[in-house]
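Please read the structure below before turning to the comments.
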Amino acid sequence: MRIESVESLLIDRYFFVRITAEDGTVGIGEGGAWGFQEATAGAVIRFRDYLLGKDPLQIEHHWQ
């Protein structure tokens, strides 16, 4: 199983990230620095290239 897509979702004042694996598994997480959602979206875009194609179950590895 590999990560297929990483999407930023800015909804009202809230920032979410949706990660989809190639088998259809979807994970959604909330994040962001309040008042700086656009900057957080930029960070997600920066790390998206790293995450695409990786194993989504290696959470601690990706966090480090």
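What follows draws every value from the coordinates through simple rules; no lab data is involved. Since this is a predicted model, take the numbers as computed values, not measurements. Positions of Cβ are backbone-derived with ideal geometry, glycine not excepted, and every protein chain shown enters the neighbour counts.
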Flag if residue 14 is under 13 Å from the mean Cα position of the chain (by Cα) and among the aromatic types (Phe, Trp, Tyr): no
Per-region count, segment 12-49, residues closer than 26 Å to residue 1 by Cα and either among the β-branched types (Val, Ile, Thr) or touching a His at 6+ places or on another chain (Cβ under 7 Å) (or both): 8
Search result, residues across segment 54-64 that are surrounded by 10 or more Cβ atoms within 10 Å (Cβ to Cβ) and part of a helix (DSSP H, G or I): 59, 62
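Yes or no, residue by residue, for (1) touching a Pro at 6+ places or on another chain (Cβ under 6 Å); (2) touching a residue at least 24 places away in the same chain (Cβ under 8 Å); (3) not hydrophobic (A, V, I, L, M, F, W, C):
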{"site": "19", "(1), (2), (3)": "no, yes, no"}
{"site": "40", "(1), (2), (3)": "no, yes, yes"}
{"site": "44", "(1), (2), (3)": "no, yes, no"}
{"site": "49", "(1), (2), (3)": "no, no, yes"}
{"site": "55", "(1), (2), (3)": "no, yes, yes"}
Candidate set from segment 27-38 (those that are surrounded by 12 or more Cβ atoms within 10 Å (Cβ to Cβ) and in contact with a Phe, Trp or Tyr (Cβ under 6 Å, 6 or more places away or on another chain)); member that is nearest to residue 12 (Cα to Cα): 37
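Each row is one residue, and each column tells you yes or no for (1) of a type in the set (A, V, I, L, M); (2) exposed (fewer than 13 other Cβ atoms within 10 Å of the Cβ).
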| residue | (1), (2) |
| --- | --- |
| 2 | no, yes |
| 5 | no, no |
| 16 | no, no |
| 20 | no, no |
| 25 | no, no |
| 40 | no, no |
| 48 | no, no |
| 52 | yes, no |
